[in-house]
Structure formats: structure tokens, C-alpha cells
Amino acid sequence: MKVAIYCRVSTQDQDSSKQMKICKEYCINRGWEVFKVYSDIISGAKESRPEFNILLDDLRHYKFRMVIVTKLDRMGRSLKHLISLLDEFKTKRVEFVAVTQNIDTSSSIGRLQWQILGAFAEYERSIISERTKEGLRFAKNVGKRGKDIKPRKSRGTLRK
């Protein structure tokens, strides 16, 4: 099986060689061929990353069948972003492995873990929607209308 390895560190002071070694050993132990190692030095909060963007382009051209990282947070820090990535992987029939966390979407337990993550993402979206509606109701109750109403995230229950 052809696989892509993705490594990421946040600063120039850090080194991704340990991540690369762990992922390569994982592939060797399974007899998988490493298509390419993609490596970025950038915050995981950024959805657009130079090497990661190349990985996505190669994925869309079916150059490999699996993406391997050491940990899920190497792919990204936003649950929403991770879920959308895993959805795209699924659409392209590309599996995903987070080596040190035993997440492997090619196995039934890995798919279960992915579905649990999806449930949390859906929950997060619902909470944000509820908070927005609550904020709009509060603004309306205090006399704000139209463009005066600016939705905001609440940090708890709004008081009237």
C-alpha cells in the first residue's frame, strides 16, 4: 500500500525527525511503501500549510491510499477542520492513521473512533448555534434590532 506521512512542528526550534522516524517504522513493520513525507513548520491552527496543501493535492489525484501521522493534532487543532479532512479522506477512499493514538480508519475500531469524533463535532456545532440564537434573543429583548444585533458567543447562561 502507498502511504503519505505528514509531520508538523510549530516552531523552527522544534524538529520533526522523531515523528518521521515513528511513522516510517510503522510503515516498514507493515510492508507499506512511503510515497512521500510531507513536513511543515507552522502552527496546527492554520488550515492552510505549504506541505499540507501539497499533500491534499496529491490525495485528490489518488497518489496514495493512506495518510499517517504520529498524533491527530499534527493534522490540525480544530475539531471541525479534522472532521472535514476525514470526510474528504473517506470520499477519496484514503485511510487515516494516527500511530501513537491507535486511530486507524481501515479498522472497525478506528472507524468507531472517527464516528465518535464526528459526534463531538456535531455537538460542538449545535452548541454554537444555540449560543448564537440565545444571544440574538437577548439582544432583541434589550431593544437592539437589525444591524445593531451582533451575535456573540456566550460564556454561560445569559441573564435577563
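Is it the case that some residue within region 57-75 is crowded, with 16+ Cβ neighbours inside 10 Å, modelled with pLDDT under 95 and touching a Leu at 6+ places or on another chain (Cβ under 7 Å)? Within region 57-75, one or more residues are crowded, with 16+ Cβ neighbours inside 10 Å, modelled with pLDDT under 95 and touching a Leu at 6+ places or on another chain (Cβ under 7 Å).
Across region 84-108, the number of residues qualifying as surrounded by 20 or more Cβ atoms within 10 Å (Cβ to Cβ) and either β-branched (Val, Ile, Thr) or within 15 Å of Met20 (Cα to Cα) (or both) comes to 5. Here is the figure for region 61-100: residues that are over 22 Å from Glu124 (Cα atoms) and not aliphatic (A, V, I, L, M) total 12. Among the residues of this structure, Glu33 counts as one that is under 18 Å from Asp104 (Cα atoms), touching a helix residue (DSSP H, G or I) at 6+ places or on another chain (Cβ under 8 Å) and in the same structural domain as Leu82 (by TED's automatic domain parsing).
The values are calculated or read from the model by the stated rules, or taken from the named source; none is laboratory data. Owing to the predicted nature of the structure, the values given are computational and were not obtained by experimental measurement. All Cβ positions, glycine included, derive from the backbone under ideal geometry; neighbour counts span all protein chains shown.
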